[in-house]
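Below you'll find the structure, written out as structure tokens, and then a few comments.
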Amino acid sequence: MRRHTVSRLALVGPAGQPLPEALELLPHTTDRYTEVADCIDHLDVTDVVLVDCRVEPARAKEICLQVSSQTSNAPVVLLASAATLSVVTRDWGADDFLTDTATPLEADARLRFVTSGQESRELVAGPFTVDEEAYTATVAGQPLDLTYTEFELLKFLVAHPGRVLTRDVLLSEVWGYDYYGGTRTVDVHIRRLRAKIGPEYDGHIQTVRSVGYRFQAQR
């Protein structure tokens, strides 16, 4: 079972990138590595591996796959920007992600969660099943190939069936309060999410004109 206490982080990525303020404020020791081999050599003293995905996502994917293939209890968490998060998919092998605009409270909660060893937690509403820990989602038993942002958006919708969610609420809950993009971002991701869900089930995500969206478990 993984440990609840997070005391030592390993950050792997390009040199010179500033550490997000949230991580600077948390009482963790952060070891920085530019080469994945050096990080792997120290996995036995590492609680969480942070892979910097902010400027070189292609290399970050390679690092994730290399680290996650090791026989280690250290989970892999992507450190992403709002821009790079949109290209991340489940096949990267990461256990979770953390945006560079996360608050210290959110960062601490996410790091503790990936080391908690909790059993899988699932949200079920109508034909949708969302596994919060495994970052998987299905509709009518069929897996959905979602990016992290699409997954977080679907998870939030499924967790609040019947509730009208404004675009501002979705922006703050899915993208974070510090996200600098406009509400059109929500519309774009809803459109992509509906396309992946397919015409048989996309009607579960309803548009509330001039307000936002509502998820209905039953149609």
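The values are calculated or read from the model by the stated rules, or taken from the named source; none is laboratory data. Because the structure is a prediction, the values reported are computed rather than measured. Cβ placement follows ideal geometry from the backbone for every residue including glycine, while neighbour counts extend to all protein chains displayed. Ligands, DNA and RNA are stripped out before the accessible areas are found, and what is left, the full protein with its side chains, is counted by its heavy atoms. Shrake-Rupley method; radii C 1.70, N 1.55, O 1.52, S 1.80 Å.
Numerical summary
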item: Simple spin-label estimate for Leu43 and Glu122 in nanometres, 7 Å along Cα-Cβ; result: 2.9
item: Kirkwood-type radius of the range 73-157, with distances r between different C-alpha atoms, in Å; result: 13.6
item: Which of Cys39, Gly141, Pro20, positive extreme of dipole for the chain (C-beta unit charges); result: Gly141
item: Difference of contour (0.36 nm per residue) and Cα-Cα distance, Leu105 to Val55; result: 15.6 nm
item: Whole-percent carbon and sulfur share, accessible surface of the chain, 1.4 Å; result: 48
item: Under DSSP loop assignment and at most 11 Cβ neighbours within 10 Å, longest chymotrypsin sites (Phe, Trp or Tyr not before Pro)-free interval of the chain; result: 1-176
item: 1.4 Å probe accessible area per residue over the chain, in Å²; result: 49
item: Residue of Pro75, Pro57, Pro143 that the Gaussian network model of the chain assigns the largest fluctuation, springs spanning Cα pairs under 10 Å; result: Pro143
item: Ellipsoid equivalent to the range 100-150 - semi-axes via the Cα gyration tensor, in Å; result: 24, 14, 9
item: For the range 87-219, diffusion coefficient by Stokes-Einstein and Kirkwood Rh (Cα), 10 °C, 1.306 mPa s, µm²/s; result: 103
item: GluC sites (Glu not before Pro) lying in DSSP loop within the range 20-51, provided at most 12 other Cβ fall within 10 Å; result: Glu35
item: Cut-off under 5 Å, modelled amide H: who pairs with Phe97 long-range; result: Leu78
item: The range 57-110 pair-distance distribution - Cα-Cα, 10 Å bins, rounded %; result: 23, 53, 24, 0
item: Calculated SAXS-style log₁₀ I(q)/I(0) at q = 0.13, 0.22, 0.30 Å⁻¹ - the range 27-87, Debye, Cα scatterers; result: -0.32, -0.89, -1.40
item: Antiparallel %, DSSP beta bridges [both residues in the chain], to 5; result: 50
item: Full-extension gain in nm, Arg191 to Gln142, via 0.36 nm per residue minus C-alpha separation; result: 15.7 nm
item: Volume per residue of the C-alpha convex hull in the range 135-206, rounded to whole Å³; result: 89
item: Between 0 and 90°, nearest 10: helix 148-159 axis offset from the chain longest Cα axis; result: 50
item: Loop sites in the range 47-134: GluC sites (Glu not before Pro), DSSP, at most 14 other Cβ within 10 Å; result: Glu119
